[in-house]
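The values are calculated or read from the model by the stated rules, or taken from the named source; none is laboratory data. Computed from a prediction, not measured in an experiment: that's the story for all the values here. With ideal geometry, Cβ positions are generated from the backbone for all residues, glycine too; neighbour counts draw on all protein chains shown. Just the protein is used for accessible areas: all its heavy atoms, side chains included, with ligands, DNA and RNA removed. Shrake-Rupley method; radii C 1.70, N 1.55, O 1.52, S 1.80 Å.
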Amino acid sequence: MPPNTMDTAPSLESCRALDAADPLSPLRAQFQLPSGVVYLDGNSLGALPQAALASVQHALQQEWGQGLIRSWNDAGWIHRAQAVGDAIAPLVGAGAGELTVADSTSVNLHKVLWAAIGLAQLRGRGDGPARRVLLTETDNFPTDRYIAQGVCDALDWVLREVGPAPGDHAQAAAIGHPRSSAVMAALSDPQVGVLLLTHVDYRSGAMHDMAAINRAARAAGVITVWDLAHSAGAVEVDLKAAAAQADFAVGCGYKYLNGGPGAPAFVWVHPAHVDAVEQPLRGWLGHAAPFEFDAGYRPAQGIARYACGTPPILSLTALQAGVNSVRAADPLGGMAALRAKSLSLTRTFIRASQAAAQAHGLHLATPLRDEHRGSQVSWACGPQAPDGYSVMRTLIERGVIGDFRASPRPGQPDLLRFGFAPAYNTHEEAWRAAQALGEALRHVARQGPRAAARPAVT
Ligand SMILES: *Cc1c(COP(=O)(O)O)cnc(C)c1O
């Protein structure tokens, strides 16, 4: 078997047989998916759960229209963020009351990084050299790096990035391998106080070994902050795993949790130190007693202090339906079943697409090993490949929706990304998408790249 290759291509019949045996197949009917479309972008925006239509309509017409301001109490608006947080918590191994929903992932990152530095400074008093390095990866999602740099600038810390050396194009191109061991090696510097990682890489889908990294970080006295944007609802996460507890986590509501465009995000802090430090955005809804209208700020106990301003009730209502659409897997095997199906879908797509992809100069940017792979498959465009943007445009016109990620740096390839949402995607769709990718590659290779202005969102 050549490297980067799984075994032979599956047949349409074998994919249909996998779907027929799929214990999660009843979940798909929860979603309103356009006919004739194979939707493989649930890692960017999850599909619409039918239940969101009814619940948002109810929130508009009854709760807002009829209840008006009384709905803060009568419809439970004031408790909705915590209710949705409690519904998300078991998906990532958190307990009830430990995780809440507020703001965006970017804003929550700002809060938790600030608090993590506070905690590192609290712990660091008196022992060895001052810890003042926040460690992350060169390839981390841009917003994570921007927010981390901003917090470091404000608190006089230093942001250090693990990644390929500048100009090392071969290393830069090798994006399909989680750099967990490089990250762990970098923890040995006693100046490192906080580690920020995204669990599943947004470009390659490579997944870090969270338990091993948390253990290493604890041993080194380093506080861990995890971004679960591409994990929650797609891969199993255990933030409180007995031997390898994380310290802080944030995650996204509109990806695999199907919360709708711009859905609010979640934030979790380990209960052992949630009350030890404050987050920097002192809004009234994170106050211990918002309706006493105190002159001074006193943070609420527990995760409630991570709230800031008034929650977006309509978006929160849609997110609740989205989270319920994932929790509907509970009686069917829960996150373990979702993860098993996700791996089966990505494996099927790789096997079905690899011959055509490799014949056209694409190479797999996603790890083949299950324990290193999240819930997406990314094909990287090598120097001989047809223009990736044109290939994705052709695919989308033919009803297969993935997305295109341009190279962020010299030496790194353009990517064609295909996200697989185990709550609604099928093996037959994986097979159809693979056939369509082959056709789109042949089409663009024949016609040449298409002159096209890129829209604002790709
Ligand atoms: C999607 C994503 C975000 C999104 O942040 P927003 O504040 O919701 O725009 C952040 N981090 C990662 C790693 C993501 O994949």
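222 nm [θ] for the chain, helices only, -39500 (n - 2.57) per DSSP H run of 4+, per residue, to 500?
Calculated mean residue ellipticity at 222 nm is -11000 deg cm²/dmol.
Of the heavy-atom accessible surface of segment 14-103 (probe 1.4 angstrom), what whole percent is carbon and sulfur?
Carbon with sulfur: 60 percent of the solvent-accessible area.
How much accessible area per residue does segment 20-148 have, counting only protein heavy atoms and a probe of 1.4 Å, in square angstrom?
Per-residue value: 46 Å².
Kirkwood Rh, segment 403-458, all Cα pairs: how many Å?
13.7 Å
In sequence order, what are the phi-derived ³J(HN,Hα) couplings for segment 334-341 according to the Karplus relation 6.51 cos²θ - 1.76 cosθ + 1.60 with θ = phi - 60°, rounded to whole Hz, with x for glycine and proline?
These are the phi-based 3J(HN,Hα) values: x, 4, 5, 5, 4, 5, 4, 5 Hz.
Take every Cα pair under 8 Å in segment 202-265 that's 6+ residues apart, average their separations, divide by the length, and report that relative contact order as a whole percent.
31 percent
Please report Rg over Rh for the chain, where both radii come from the alpha carbon positions and Rh follows the Kirkwood definition.
Rounded to two decimals, Rg over Rh is 0.98.
Taking the solvent-accessible surface of protein heavy atoms with a 1.4 Å probe, what is the per residue accessible area of segment 340-432 in Å²?
30 Å²
So who's got an amide H within less than 5 Å of the one on Thr366, skipping anything under 5 residues away but keeping other chains? H placed 1.01 Å off N, in plane.
For Thr366, the qualifying residues are Ser378.
Output the relative contact order of segment 62-142, whole-number percent, from Cα pairs under 8 angstrom with separation of 6+ residues.
14 percent
What are the ³J(HN,Hα) couplings of segment 354-361, residue after residue, when phi is run through the Karplus curve with 6.51, -1.76, 1.60 and θ = phi - 60°? Round to Hz, x for glycine and proline.
Once rounded to whole Hz, the list reads 5, 5, 5, 4, 5, 5, 9, x.
Please compute the net charge surrounding Pro367, taking Lys and Arg as +1 and Asp and Glu as -1 over other residues with Cβ under 11 Å from its Cβ.
Residues close to Pro367 contribute a combined charge of -1.
In whole percent, and with a 1.4 Å probe on the protein chains, what portion of the accessible area of segment 343-435 is carbon and sulfur?
C and S fraction of accessible area: 52 percent.
Taking amide H positions as placed 1.01 Å from N in the peptide plane, with prolines and chain starts having none, which residues 5 or more places from Arg450, or on another chain, fall under 5 Å of its amide H?
Sorted by chain and number, the residues that satisfy this are Ser390.
State, as an integer percentage, the relative contact order of the chain based on alpha-carbon contacts under 8 Å between residues 6 or more apart.
23 percent
Amide H neighbours of Leu48 under 5 Å, at least 5 residues apart or on other chains, H built in the peptide plane: list them.
Amide H neighbours of Leu48, under 5 Å, 5+ apart: Gln32.
Accessible area, 1.4 Å probe, largest first: how do Thr8, Thr105, Thr310 sort?
Thr8, Thr310, Thr105
Rounded to the nearest 0.05, what FRET efficiency do Ser181 and Thr143 have when you use their Cβ-Cβ distance and R0 = 30 Å?
Calculated value: 0.70.
Under a 1.4 Å probe, what is the accessible area of segment 238-295 per residue, stated in Å²?
38 Å²
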